Amino acid sequence: MSAFQAALEAGDLAAIRATPKADLHLHAIGSGNRDFLRERTGRDIAPVDHVLTSMDDMHAWTGEHLAALFQGQGRALAYEATFVQAVRDGVTRVEVGADVWEITHYDNQAQPVWEMLQAAHAAGGPDVEWIPQMAFSRHCPFRALDFWMTPMLELGVFQTLDLSGDEFAQPIEVFAPLYRRAKAAGLKLKAHVGEWGTADDVWRAVEVLELDEVQHGIAAAGSPQVMRALADAGVRLHICPTSNLKLGRVARMEDHPIRALVDAGVNVTINTDDVLIFGSSLSEEYLALHQAGVLTAAELDAIRLEGLS
Ligand SMILES: [Zn+2]
């Protein structure tokens, strides 16, 4: 048995933290380390203590608790705090970055966004392996995304593309031309889908956007056919269990659909989404899944290694 498996069996959170892990699904504005932010700003941000019922609900919470803190120069602090969180939880690889609209804070220039991200990495966790990501918000008009994306792509530094926000804001087909451009530029393609939507929505997004990976995608567990297609295509799902609970997508950790996905041979990883909002670190996510009897220590260790591969 590996040290990580022994740590899970013993419920030893410190030992789980000490083991290398990858977090491949997180958003910088909601992923800062709580203690670090309190030390820096004097403000304590307690995680949500109830189930949020919609993305609007979550955006309202974020607006109330985080917006003022991360305005203007504060944005750099959010990114730095994200790398600090990784260091303090033993996360050795993170895939995170900026929404393309971030350039509107810098006269539509991409270079200052990149410099801000680099500075945050250097200050918060230079030893953390960082996979720079650019992202779209699903409610933004095509033309705006196209305009903002261009200078970000031209920098040639971003390795992955994500799409997040309200899954029902616009049809997935809207984004296909933008994903073609990103693919031509060599980016790995991801999108948030199947968190609020259906199994068919997951598969349609994979086909239309030619996704390599899916953020959430848990609705796929409702369809053996979609799970088989995901497994056959080798599409990896980046799953965030506590986020699913706090957004009312899954009633109890014991019932988390990651079990069905693993049983169907779908490639999955375990991630945090927004630790500052949901209150569960990556180490705690692994422990919670083990303690709820959803996955064995050996399965969780295999998933951990998958994220690092
Ligand atoms: Zn997410």
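Just so you know, all these numbers are worked out from the coordinates, no wet-lab data involved. From a predicted model like this one, the values you see are computed outputs, not experimental measurements. Cβ coordinates were reconstructed from backbone atoms using ideal geometry, including for glycine residues, and neighbour counts include every protein chain displayed.
One line per residue, one yes/no per condition, for (1) within 16 Å of the ligand (Cβ to nearest atom); (2) of a type in the set (Asp, Glu); (3) in a helix (DSSP H, G or I); (4) surrounded by 15 or more Cβ atoms within 10 Å (Cβ to Cβ):
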{"position": "Met1", "(1), (2), (3), (4)": "no, no, no, no"}
{"position": "Ile29", "(1), (2), (3), (4)": "yes, no, yes, yes"}
{"position": "Gly32", "(1), (2), (3), (4)": "yes, no, no, yes"}
{"position": "Asp35", "(1), (2), (3), (4)": "no, yes, yes, no"}
{"position": "Arg38", "(1), (2), (3), (4)": "no, no, yes, no"}
{"position": "Val48", "(1), (2), (3), (4)": "yes, no, no, yes"}
{"position": "Leu52", "(1), (2), (3), (4)": "yes, no, no, yes"}
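All conditions but one from (1) touching a Ser or Thr at 6+ places or on another chain (Cβ under 7 Å); (2) more than 25 Å from Ala233 (Cβ to Cβ); (3) charged (D, E, K, R) apply to Asp166; the one that does not is (1). Output the residues belonging to the range 124-144 that are surrounded by 15 or more Cβ atoms within 10 Å (Cβ to Cβ) and either in a helix (DSSP H, G or I) or of a type in the set (Gly, Ala, Ser) (or both). Gly124, Gly125, Ala135, Ser137, listed by residue number.
May I ask you to verify whether Thr62 is under 20 Å from His25 (Cα atoms) and out of contact with any Leu (no Cβ under 8 Å at 6 or more places or on another chain)? Considered against the rule, which asks whether it is under 20 Å from His25 (Cα atoms) and out of contact with any Leu (no Cβ under 8 Å at 6 or more places or on another chain), Thr62 comes out as yes.
Could you check how many residues of the range 256-275 are within 13 Å of the ligand (Cβ to nearest atom) and either touching a Ser or Thr at 6+ places or on another chain (Cβ under 8 Å) or in a helix (DSSP H, G or I) (or both)? Residues flagged as within 13 Å of the ligand (Cβ to nearest atom) and either touching a Ser or Thr at 6+ places or on another chain (Cβ under 8 Å) or in a helix (DSSP H, G or I) (or both) within the range 256-275 amount to 4. Scan the range 154-173 and report the pairs whose first residue is within 27 Å of Met116 (Cβ to Cβ) and in contact (Cβ under 8 Å) with a residue 40 or more places away in the chain and whose second residue is part of a loop (DSSP other than H, G, I, E, B) and away from the ligand (no atom under 13 Å from the Cβ), with Cβ atoms within less than 6 Å and a gap of 6+ or a chain change. Qualifying pairs under 6 Å: Leu155/Ala110; Thr160/Leu187; Gly165/His139; Asp166/His139. Being among the small types (Gly, Ala, Ser), touching a strand residue (DSSP E or B) at 6+ places or on another chain (Cβ under 8 Å) and free of Cβ contacts under 8 Å to residues at least 60 places away in the same chain is a property that does not hold for Ser283. When the range 194-244 is filtered for residues that are buried (at least 24 other Cβ atoms within 10 Å of the Cβ), of a type outside the set (Ser, Thr, Tyr), under 16 Å from the mean Cα position of the chain (by Cα) and assigned to a helix (DSSP H, G or I), the ones remaining, listed by number, are Ile218, Pro241.
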